[in-house]
Amino acid sequence: MTGNGRTMSSRVVSSRAVPGLLVAMAALVLAQPAFAHEQVAVGGGLVRGLLHPLTGMDHLIAMVAVGIWGAQLGAPAIWVLPITFPMVMAVGGVLGVLRIPLPVPEVVIALSALVLGAAVAMRLRLPFAAAAVVVAVFAVFHGHAHGAELPGSANPLAYGVGFVVATGLLHLCGIMIGTLTRWPAGERLIQGLGVVIAALGCYFLAQSLGAAA
Amino acid sequence: MNFRLARVWIAAAMLFARVEAADAHIIAARLGDFYTGALHPLTDLQDLILWAAMGVLAGSLGAAKGRWLVLVFPLGLLAGLVLGRVFGVVSAGPAADAGMILVLGLLLAAAARVPATLLCAIAFGLALMRGAANAGDLGPETDRLLFAAGLACAGYAAITLTMALTLTFRRLDGGPAVAWRGIAIRAVGGWIAAIGLMMMGFALAT
């Protein structure tokens, strides 16, 4: 009985599998490349945009710190942040694209890591409006640095998509780390992480001040 | 696995291993122009971003408002294609595309309650723009009817699938899980608006 059942089910599987395989084979054999838009260096622009916030340690730690701080502050910061930050950063990006200079950008970017790291370490609970202003100012400077790279990119649209997505994912990463605040040990861990971010910010600040001097 | 099924798998694996590009009959039969029309917008990042943003916006507003786009969007693409061919209106320019990306992103980020009529007008306008842009790459040898059919089918499939995925993601009847999903869609809107703003700046700078 069992043997018959298995044979029957195997036949059913094989009879169902054959048309599926034939369709898959036909689809594969008939596949044609799209001789369509020859958009220049989409992949390269996308990868460059994605890597730009990830390879600059000062950008990376500041973006993660923004997410963690947002999670520490709770609502509404935790949901306003990921919605508005990319747009505010894009304003800075436009300034960068238009080559409108900002004062001491490297110093402010380093300072952002120091301030945001310290805020996380001290669990600084600023009013929402004040926290938003602090983050917005830093967002403009970070966006400016990314935007300045855009015109040099082989595919500016792909570069823009890449860096906005990378920045958003870094925030998400920070927010997810920030959810550890639910547990006392997690809260201490996050504060420790804030100290590390602030220390790195100090290092970058010293470096940029040295370069500026 | 029984012996017969194993043989089928082995045969399939052998065939896959030997597969080569078919420089063959489908193009010669001119049916290739259908696929060219269907794949043409999917190889353009501007089309991909704009179509996806439109689909997500329509999906975020609910099925009652979004379902009109299933018809309006492909028709708009066809109208744009005709405009592009007949009047030589090819592209509205990068600033218009960037502006449309920005508007769609802002509407999503703000969770604006867009009326169905306005949604249809935006979708038709967008489809008109992109249809005309796609007409710009029609060659003299291209079968326009097949190209148009492919483009309309791609528009229909893309907008319907994106709306359906967004509606499923929102899971309107899902209770407490809804809040963060709505925020995630708004965050995607923020990303899209940021891309549009950047491209607007770039279009103005060049």
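Where a number appears in this text, it was derived from the coordinates with a stated rule and is not lab data. In this text the structure is predicted, and so the values were computed from the model without any measurement. Note: ideal-geometry Cβ built from the backbone for every residue, glycine included; neighbour counts use all protein chains shown.
Using equal-weight Cα scatterers in the Debye expression, the normalised intensity of region B:33-205 in log10 at q = 0.12, 0.13 Å⁻¹ is -0.52, -0.61. Among B:Ala187, B:Ala148, B:Ala127, the largest mean-square fluctuation in a Gaussian network model of chain B, built with springs joining Cα atoms closer than 10 Å, belongs to B:Ala187. At an R0 of 25 angstrom, the distance between the Cβ atoms of B:Phe16 and B:Thr43 translates into a FRET efficiency of 0.50. Computed per residue of chain B from DSSP H runs no shorter than four, each worth -39500 (n - 2.57), the mean residue ellipticity at 222 nm is -25000 deg cm²/dmol.
For an R0 of 45 angstrom, estimate the FRET efficiency from the Cβ-Cβ distance between B:Ala184 and B:Asn2 and round to the nearest 0.05. It comes out at approximately 0.50.
Dividing the radius of gyration of the alpha carbons in region A:31-160 by their Kirkwood radius gives 1.07 for Rg/Rh. Entry note, chain B: relative contact order of 37 percent, from Cα contacts under 8 Å with a spacing of 6+ residues.
Around A:Gly210, what is the net charge, scoring Lys/Arg as +1 and Asp/Glu as -1 over all other residues with Cβ under 15 Å from its Cβ? Net charge in that neighbourhood comes out at -2.
The GNM of chain B, with springs linking C-alpha atoms under 10 angstrom apart, assigns the highest mean-square fluctuation among B:Ala13, B:Ala121, B:Ala194 to B:Ala13. Over all other residues within a Cβ to Cβ distance under 14 Å of B:Ile49, the charged ones net out to -2, with Lys and Arg as +1 and Asp and Glu as -1. Of the residues A:His146, B:His40, the one with the fewest other Cβ atoms within 10 Å heads the list, and the complete ranking is B:His40, A:His146. I want to verify a result. In a Gaussian network model of chain B, Cα cutoff 10 Å, which of these has the top mean-square fluctuation: B:Phe87, B:Phe124, B:Phe34? Result: B:Phe87 has the largest fluctuation of those listed.
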